[in-house]
Every structure is written in C-alpha cells, then in structure tokens.
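Worksheet for the structure shown next.
The values are calculated or read from the model by the stated rules, or taken from the named source; none is laboratory data. As the structure is a prediction and not an experimental result, all values here were calculated from the model. When we count neighbours, we look across all protein chains shown, and the Cβ atoms used for this are built from the backbone with ideal geometry, even at glycine. These accessible areas exclude ligands, DNA and RNA; they are computed on the full protein's heavy atoms, side chains included. Shrake-Rupley method; radii C 1.70, N 1.55, O 1.52, S 1.80 Å.
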Amino acid sequence: MQELASRTEDLASRDERVIADSMRLRQAPLFVDRAQGCTITDLDGRDYLDLTAGWCVANTGYGHPRIAEAIAQSYSRLSFVSAVSVVHPGFVELAEQLIALTPGSWRKKVTFANSGSEANEGVSKMVPMATGRPRMISFMGGMHGMSAGSAGLSAIPFVTRFSGGGHVTRAPFPNPYRPVFGGTAEQDSAECLRFLEEQIFVQLAPPEQTSAIIVEPIQSDAGVIIPPDSFLPGLERLCRKYNLLLIDDEVKIGCGRTGSLWGCEQVGVSPDIMVIGKSLGAGLPISAIVGPAQILDAVPLGHAFTLSGNPTSCAAALANLEVIQSEGLAANATAMGARMMSHLRDIQARHEWIGDVRGKGLFVGVELVRDRHTKEAAGLETAKLCYRAFELGMILQYMGVRANVLEITPPLTINAAEVDRGMAILDRALTDVENGLVPDDRIGKVGW
Ligand code: PMP
C-alpha cells in the first residue's frame, strides 16, 4: 500500500514537472492503470464508474474485445503505410461505409484526418476555396477544435483567446434554459434563425460571399445545449434557400450517442458535409470529413497528413462501427438515457441547485445554479461535486461557458444497474457538497 501511494505521488510530481499546462485540464486527481467496459481502475487498484467515456471517445466501452482483436491483427499484418501515397483495403472500406452510413445519396467522398480539430481545419480551408466564397458562419458557443482554422470556427471562451477566423461570423445559438432573445425555447429558436437571415446575411455575411454554416446539432463544450427540434430543420431550410452548405459537426455526439448513429438524424436533417471524430476510432486517432465529391476533390492535396487513414486506426474504426450497430448501442443509449433522465428529475426535486436537466440519448447535461430564479452559475460548487463524485468512486466532468454544467456521457454499453449506481453516487455527492464536505482548497489544482 505504502509502495502504491508513493508510486502515485511520484507520478503526480513527474506529470507536473514534464507535462505542459497547454495540454492539461485535470478535473480529478486520477492516475489510471487500466479500464474495461464502464470501469476505470487506478494505480492503487481502485475502481471508478466512468460517466465520461473519456470526452465521448469510449462509446463501445473500454477495451471492447472485438475491437482490441481487430487492432492487434491489423497492426501485426501491416503496421503502417501512408494512405496518402498507397492504397490499403481498410482505408477504402471505411470510406465506403461512412458514405453509406451518413444521410444523403448524392456523390460523396471522404477526407481522413487524425482528430476533430484536423478534420474541421480541413473544412475551414477547403470549403471556401472549393466554392470560391470566402466567408463562413458558425455559432456562438460552438466548439470545432483547437488548431488555427478549427479554432477560428469556434466561439467558446477557452478557444476565442486565439485570434483567427477573420472570415467567420458567429451567430447566436438558441438556448432553451437561458434564451438569447428571451421568450420560450421555440420563440428563441425562431428569433435566432430570423437574426441570421435578417441581420447576419444582410450586414455581415452576404450569402453570395458565404460558403457554409457549420453547426453542432447539440452544442457540447458550451454546456450540453440542446436547441428545440425545429432549429436544425429551420437552419437547413435557410441553407437551401440561400444556397449555402450545411456542415454538421458530429465529432462529439456522433457514433450512436444521441440514440441514432448521427445526432442530425434525431431531427431529420441531411447535412451536406459531416465531420466525424473522437469515438470513430474507439480510442485510436482518426477523423473524417464526409462531403460532396466536387468539394473534397476541388483542392488536390489540400489536406493530406502522413498518418491520415492509417491501417490500424481504420481497422479500429471498422470494428467500432460494426460493434455499435450489431450490439444496438444507439438503442441502448435511448433506453439508458431515458432511465438516467428519470433519476435526474427525481434528484432535481431534492436538490435546489440543480437548475436544469436535459439530454438526448446518453448526451446528458445537468446545469447547476446558486439560485433557480437568477440562474447564477454555481461554478465552484460544480467543481466540488465532480471532486466528491471522484472520492465516491465515479468519474464525472463538467463543461459550459460558465463551467457549471455536468456533461454526463458514459460508454453506450452502460447497463441499468450502472446507471442506477451512478445516479445514487451523484445524489450522495450533491448532498455531501451541500453539507460542506469538500473544502474550497481541494479544488485549487483541478478544474477549468
Ligand atoms: N468538434 C467538437 C464538437 C468537439 O467537441 C471537439 C472537441 N471537444 C472537436 C471538434 C475537436 O476535436 P479534437 O479534440 O479531437 O481535436
């Protein structure tokens, strides 16, 4: 025990010494040894129920045996070739599958990359060039990545620190809990669309100079903001009316999480371009832009990285898509999401500082406020809640432009007993924070 404790301490100080703050966001002092299914085990052998899926990557659960086998086999047969310069079957097969699995029957092609940021970087470079229209529109609160071009499409505080995106106009995104224009959720959504058409198109981004609108069907990092079901179809209508491409960023919510393979299917929208990442490779780096051939062919060698579409990541992605479909994980997301929402509504009734609970499938948000009337964000308390959940054996994370929203996104393989256990831990952690069990100084080095 003594030896294990010193192993953790040693790793903590080495982490501090050598890993730059540019890539550190620690929400709990978790030192991981291994993970299986929905359980992460730390270096001391302690198990945690994971309600994050590692930022929505482990949709098929950690260490799925069929995916592990596919990766091992692929690597021993062909450890690497660069798909930029030679052909291997996995690369072509994955592109064919993505074309078949995404909405729209027009002639599509695929550009692979290694991360969500890299895929959206490709979009920000190639779409204006291919269409000859330099401007793009994105939404306030949108998160599309941290590389220069993808950061330029984003509009969330930790990314808007960087300059860039001079060709991008950011439009308001409807927020049912905190309506931008006031009124009901539906009125707010209609106002956002009206503002886009009557103000932004007229004053800032004339459609004839604008190539595309990029949107997350549900905003994720902004704090699980689920617009009314009418918003995305309304946006699609505007795109058709003004001849703009609709780009759907499914990096976080895709691959079954919302209860259908893609989030846009929940509201019957067919985007022109879809961007897929995170969970696509079940933990191996791979992302994809799926879009019209005439757009993705228009800039030859415009977005080619040495490792894009490498054999191992493609094998992981093919096995991953097969598991999501054959195990009915989208349907499980619907069922387990409903079960979780029902627990959360009960919990909300007992804890005054839960301002709002919302979700689609297993993409669930809990917004914490100091006062239900003023909706003052409970940022510190949210950090404490995640810390307390960690002490009680559960990994929870929080997001949001006010850092006060729990983003609950477990692996889609989660079962009813695990949902029930997770919600019981959450209930207890809320009570413990209310009773002052987590002192302020505990939060010093963790959190946003
Ligand atoms: N798009 C969305 C919707 C995201 O949530 C993120 C990451 N949070 C990205 C793109 C960027 O993905 P990555 O971190 O893989 O670069």
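What shape does the chain have by the C-alpha gyration tensor, where a ≥ b ≥ c are the square roots of the eigenvalues, rounded means a/c under 1.5, and otherwise prolate means a/b greater than b/c and oblate the rest?
Details: a/c = 1.68, a/b = 1.18, b/c = 1.43.
Judged from the Cα gyration tensor, the chain comes out oblate (a/c at least 1.5, b/c at or above a/b).
Taking square-rooted eigenvalues a ≥ b ≥ c of the alpha carbon gyration tensor, is region 233-283 rounded, prolate or oblate, where a/c under 1.5 means rounded and, failing that, a/b exceeding b/c means prolate?
Working: a/c = 4.12, a/b = 1.94, b/c = 2.12.
In terms of gyration-tensor shape, oblate.
Sequence-distant or interchain residues sharing an amide H contact under 5 Å with R370, placed H: which?
E376, A377, A378
Under 5 Å between amide H atoms, partner at least 5 residues away or on a different chain: which partners does F139 have, H built in plane at 1.01 Å?
Answer set, sorted by chain and number: A171.
How large is ³J(HN,Hα), in whole Hz, for each residue of region 324-338 in order, when computed from phi with the Karplus curve 6.51 cos²θ - 1.76 cosθ + 1.60 and θ = phi - 60°, using x for Gly and Pro?
4, 7, 6, 8, x, 6, 5, 5, 5, 4, 4, 5, 6, x, 5
Just to check I understand the Karplus step: with θ = phi - 60° and J = 6.51 cos²θ - 1.76 cosθ + 1.60, what whole-Hz values come out for region 265-276, glycine and proline as x?
Those phi angles translate into 5, 4, 10, x, 10, 10, x, 6, 10, 10, 10, 10 Hz.
Below 8 Å between Cα atoms, with a sequence gap of 6+, how large is the relative contact order for region 140-246 in percent? Present the calculation step by step, with values, prior to reporting the outcome.
Details: 148 pairs, mean separation 27.4, N = 107.
So the answer I get is 26 percent.
Rounded, prolate or oblate: pick one for region 115-217, where a ≥ b ≥ c are the square roots of the eigenvalues of its C-alpha gyration tensor, a/c under 1.5 means rounded, and failing that, prolate if a/b is larger than b/c, else oblate.
Details: a/c = 2.27, a/b = 1.37, b/c = 1.66.
Note, shape of region 115-217 comes out oblate.
Output the peptides 430-441, 320-331 sorted from most to least packed, where packing is the average of other Cβ atoms within 10 Å over each peptide's residues.
Working: 430-441: 14.0, 320-331: 18.5.
Peptide ranking by packing, descending: 320-331, 430-441.
Once both labels are modelled 7 Å past Cα along the beta-carbon direction, what's the R237-T374 spacing in nm?
4.0
Considering only protein heavy atoms, what per residue accessible area in square angstrom results for the chain with a 1.4 angstrom probe? Mind dumping the intermediate values first?
Working: 18450 Å² over 448 residues.
With all protein chains present, the chain gives 41 Å² per residue.
Which residue, M340, G254, A417, has the largest displacement toward the positive end of the dipole of the chain when charges sit on each Cβ (Lys, Arg +1; Asp, Glu -1)?
Most positive-ward Cα: G254.
Only Cα pairs under 8 Å and at least 6 apart count here; give the relative contact order of region 87-165 as a rounded whole percent. Before the final figure, lay out the partial values.
Details: 81 pairs, mean separation 16.5, N = 79.
Reported as a whole number, the value is 21 percent.
Work out from phi, with θ = phi - 60° and the Karplus expression 6.51 cos²θ - 1.76 cosθ + 1.60, the ³J(HN,Hα) of each residue of region 94-111, listed in order in whole Hz, and give x for Gly and Pro.
Couplings: 5, 4, 4, 5, 5, 5, 6, 8, 8, x, x, 10, 6, 6, 10, 9, 10, 10 Hz.
What number, in percent, do you get for the relative contact order of the chain if the mean sequence gap of Cα pairs under 8 Å and at least 6 apart is divided by its residue count?
Working: 929 pairs, mean separation 96.4, N = 448.
Worked out over the chain, it gives 22 percent.
Which stretch or stretches of region 254-292 have amide N atoms under 11 Å from the point lying 7 Å from K109's Cα along the Cα→Cβ direction?
Counting only backbone N, you get 291-292.
Ignoring any ligand, DNA or RNA, what whole percent of the accessible area of the chain comes from carbon and sulfur when the probe is 1.4 angstrom? Don't jump to the answer; show the numbers that get you there.
On the way: 9910 of 18450 Å².
Carbon with sulfur: 54 percent of the solvent-accessible area.
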